[in-house]
Amino acid sequence: MRYRATLAYVGTGFHGWQRQSNAARTVQAVLEEALAALDGAPVRAVAAGRTDAGVHADGQVVHFDLSRPLESNRVRAAANARLPPDARLIDVAPAPDGFDARRDALGKEYVYRWCRAAVIPPRDAPFVAPLSGRADLARMAAAAALFPGTRDFGVFGAQLSRGESSVRTLHDVRVEQRGNEISALFSGDGFLRGMIRSICGALADAARGRVDEDRLRRLIERGDRAMLSPKAPARGLTLLRVHYSMTAVKLPSPPEGG
């Protein structure tokens, strides 16, 4: 039976989502181990997106198959009892036939957070990147407005998989400030590996006055990697939510007389 689940995790102690032979502690590895202990057989978990080492998630979506149908709350409770404290299944539900967390995703939202405080409180430090107190919100917002659209974002991404297109649609980049914190909310149909952190490096440099709008326009138009700013630290990035069509999340109908 296939299940769809929302997974949250603190990425600090993980080597990213994907299981790796040389990095035992990945999100996929700990989740699959917890589910296998419940099912009594190996379980493969597929995520909507593969977050990098140090990146967090509030609303990662995964699917997995169990050998026998179990009540959703039981699956969630049993898996959470076996997961480490920095990963939790928030909700679990039966999935429609053929549901695929990765292929069926229509869009994702991420947030990147900076803090301009002279001293960042320890409870916030794992989730924000430091930024100069002189960094200018208006400059960052003006720079962010250059990025939305459908275009080739290859210059901002890591090496592509064979046959993968680097064209993406970025619907919106919204910059906000709350106290000492500045955040950039990204909404798009999909993102290349490292794309958001690379863009955020440029946004931070724009806020600091190190790059101007003309340089960013040339970077976007020409795709010259020599013009890139240093990539923003992983700890500031969180996957907020993944969007699906209503048919992709509709639960199976109960049997007649059930």
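The values are calculated or read from the model by the stated rules, or taken from the named source; none is laboratory data. No experiment lies behind these values; they were computed from the predicted model shown. Backbone-built Cβ (ideal geometry, glycine too); neighbour counts: all protein chains shown.
Go through ARG68, ARG82 for me and flag whichever is assigned by TED's automatic domain parsing to the domain that holds THR6 and at pLDDT below 95.
Exactly one residue qualifies, and that residue is ARG68.
Checking the stated criteria, ALA53 turns out to be touching a helix residue (DSSP H, G or I) at 6+ places or on another chain (Cβ under 9 Å), under 19 Å from PHE127 (Cα atoms), surrounded by fewer than 20 Cβ atoms within 10 Å (Cβ to Cβ) and touching a residue at least 12 places away in the same chain (Cβ under 8 Å). State all residues of the range 126-172 that are more than 13 Å from GLY188 (Cβ to Cβ) and among the acidic types (Asp, Glu); if no residue qualifies, say none. If the condition is that a residue be more than 13 Å from GLY188 (Cβ to Cβ) and among the acidic types (Asp, Glu), then ASP136, ASP152, GLU164 are the ones that fit. Against the numbered list (1) part of a loop (DSSP other than H, G, I, E, B); (2) modelled with pLDDT of 95 or more, GLN18 comes up short only at (2).
When THR169, THR150 are checked against the criterion of being of a type in the set (Ser, Thr, Tyr), assigned to a strand (DSSP E or B) and surrounded by 14 or more Cβ atoms within 10 Å (Cβ to Cβ), a single residue qualifies: THR169. Residues that are touching a Phe, Trp or Tyr at 6+ places or on another chain (Cβ under 9 Å) and among the polar types (S, T, N, Q) within the range 21-43 comprise THR26, GLN28, listed in sequence order.
Picking from residues in the range 133-147 that are surrounded by fewer than 18 Cβ atoms within 10 Å (Cβ to Cβ) and free of Cβ contacts under 8 Å to residues at least 60 places away in the same chain, the one that is farthest from GLY107 (Cα to Cα) is GLY133. The condition of being over 16 Å from the mean Cα position of the chain (by Cα) and not assigned by TED's automatic domain parsing to the domain that holds GLU164 holds for only one of ARG88, ARG74, that being ARG74. If you go through the range 101-128 and keep only what is within 16 Å of the chain's Cα centre (by Cα) and part of a strand (DSSP E or B), you end up with GLY107, LYS108, GLU109, TYR110, VAL111, TYR112, ARG113. A single member of PRO130, PRO122, PRO94 is without any contact (Cβ under 8 Å) to a residue 40 or more places away in the chain, over 16 Å from LEU7 (Cβ atoms), surrounded by fewer than 20 Cβ atoms within 10 Å (Cβ to Cβ) and touching a Phe, Trp or Tyr at 6+ places or on another chain (Cβ under 8 Å), and it is PRO130. Per the conditions (1) modelled with pLDDT of 95 or more; (2) of a type outside the set (S, T, N, Q); (3) not in a helix (DSSP H, G or I), the sole criterion not satisfied by GLY98 is (1).
Taken over the range 101-119, the residue count meeting the criterion of being under 24 Å from SER187 (Cβ atoms) and either exposed (fewer than 13 other Cβ atoms within 10 Å of the Cβ) or at pLDDT below 95 (or both) is 2.
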